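Enquirer: Here it is: the structure, laid out below.
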Amino acid sequence: MPPVSWGAGMLYITGSKAHSIRLREIAIERGLKLNEYGVWRGTECVARETEAEVYEALGLPYIPPPLRENSGEIERALQGSLPALVTREQIQGDLQTHSRWSDGQDTSEAMAQEALSQGYTYLALTDHVEMFAWQGDVFHLFRQRQREIERLNEQLAGRLVVLNGLEVNIDIDGTLDAPEELLKEAEIVVAGVHYGHGQEPEAMTRRLIRALEHPSVHILAHPTGRRFGKREPNDADWERVFRRAYELGKAVEVNGYTTRMDPPTPIARILEQSGAWVALGTDAHRASDLRMMTLAVGLAQRGWLTAERVLNTRPLPELRAWLKEVRG
Ligand SMILES: [Zn+2]
């Protein structure tokens, strides 16, 4: 690939194939030819150096890579109404993380330090409820962690605020595997399926909706439960699940943990269409995992999500108002 053809070459190599084919058709419609070396009018090259120039020569605005699937982006580009995708810089905090209080590798302080270097103003510590329970009295341990968080927040002096959160298991029937009083004490509650995968779609749909309807729950975590190399995504009527989240004013997580990346892109598109709030989380189990936010953002972009829809683009006071409002 000659360096002068970098833009055309990148477009060709990175695809997707369906997007490239559609671009070639557009070129032909305009009496041009597009290949990996450039856009051509006869033997004259009219664009090749950058992707933006190639799009411009085809009469299109620059289409960002996460949208290049020929799934409506070219029509939207032609109308001049491409979505302004959410960016990493807009993210103010991480909404799912774990510390040594459950199965995380690092202390709450180490997590907070890393959150600061990520440029965040808040961090939700959402340790697993059941892991508190394994270690002893769940209320006692939760309040011990709460005091630790309060001390930490004093030290941080407003540069970062750690939110006292929990992650709770969604049982087979959609009830939550934690005492109601405990969930009420947590400032932010994410609920997720961690066992009983592979249910019939109708049972899974009802299960997830019931969990969303629990008054203490804010966010449905890793909605499909997929794990690369381990577990296929659970099947459910995602339109119904996400519509219920929308009706309740609650959020669905886009999880950026490397082996999760949940929901998969087609389901992220359904989430986008539902109108529900979206929470980006890394599911970090060590401080360095907080860097996976770039993956969560990338997945949200593939779902066409904009900042308006993403809860953690909001500053802390707005987030806190939302957390309260959800519980009525
Ligand atoms: Zn989880």
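Enquirer: Leu163 versus (1) of a type in the set (A, V, I, L, M, F, W, C); (2) within 16 Å of the ligand (Cβ to nearest atom); (3) within 18 Å of Asp283 (Cβ to Cβ): which is the lone unmet condition?
Expert: All conditions are met except number (2).
Enquirer: Cβ-Cβ under 6 Å, sequence separation 6+ or interchain: first residue in region 147-167 and assigned by TED's automatic domain parsing to the domain that holds Gly281 and β-branched (Val, Ile, Thr), partner away from the ligand (no atom under 16 Å from the Cβ) and outside any strand (DSSP E or B). Which pairs?
Expert: Pairs that qualify, where the first residue is assigned by TED's automatic domain parsing to the domain that holds Gly281 and β-branched (Val, Ile, Thr) and the partner is away from the ligand (no atom under 16 Å from the Cβ) and outside any strand (DSSP E or B), are Val161/Asn153; Val161/Leu316; Val162/Ala112; Val162/Ile149; Val162/Leu152; Val162/Asn153.
Enquirer: Now a separate question. Which condition from (1) surrounded by fewer than 20 Cβ atoms within 10 Å (Cβ to Cβ); (2) closer than 20 Å to Pro66 by Cα; (3) among the hydroxyl-bearing types (Ser, Thr, Tyr); (4) more than 16 Å from the ligand (Cβ to nearest atom) is the one that Ser274 breaks?
Expert: The failed condition is (1).
For every residue, the table says whether it meets (1) over 16 Å from Gly256 (Cα atoms); (2) in a helix (DSSP H, G or I); (3) not β-branched (Val, Ile, Thr).
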| site | (1), (2), (3) |
| --- | --- |
| Asn70 | yes, no, yes |
| Glu75 | yes, yes, yes |
| Gln96 | no, no, yes |
| Asp103 | yes, no, yes |
| Ala110 | yes, yes, yes |
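Enquirer: Of all residues in region 9-48, how many are touching a residue at least 12 places away in the same chain (Cβ under 8 Å) and in contact with a Phe, Trp or Tyr (Cβ under 6 Å, 6 or more places away or on another chain)?
Expert: Within region 9-48, residues that are touching a residue at least 12 places away in the same chain (Cβ under 8 Å) and in contact with a Phe, Trp or Tyr (Cβ under 6 Å, 6 or more places away or on another chain) number 1.
Enquirer: Also, quick follow-up: If you take the residues of region 204-236 that are within 14 Å of the ligand (Cβ to nearest atom) and touching a Gly at 6+ places or on another chain (Cβ under 6 Å), which of them is farthest from Val326 (Cα to Cα)?
Expert: Filtering region 204-236 for residues that are within 14 Å of the ligand (Cβ to nearest atom) and touching a Gly at 6+ places or on another chain (Cβ under 6 Å), the one farthest from Val326 (Cα to Cα) comes out as Asn234.
Enquirer: Okay, moving on. Could you tell me which of the residues Leu67, Leu60 is without any contact (Cβ under 8 Å) to a residue 60 or more places away in the chain, surrounded by 16 or more Cβ atoms within 10 Å (Cβ to Cβ) and away from the ligand (no atom under 16 Å from the Cβ)?
Expert: Leu60
Enquirer: If you scan region 173-203, which residues turn out to be within 16 Å of the ligand (Cβ to nearest atom), hydrophobic (A, V, I, L, M, F, W, C) and over 21 Å from Leu141 (Cβ atoms)?
Expert: Listed by number, the list holds a single entry, Val193.
The values are calculated or read from the model by the stated rules, or taken from the named source; none is laboratory data. This one's a predicted model, so the numbers in the text were calculated from it and none came from an experiment. We place every Cβ from the backbone using ideal geometry, glycine too, and count neighbours over all the protein chains shown.
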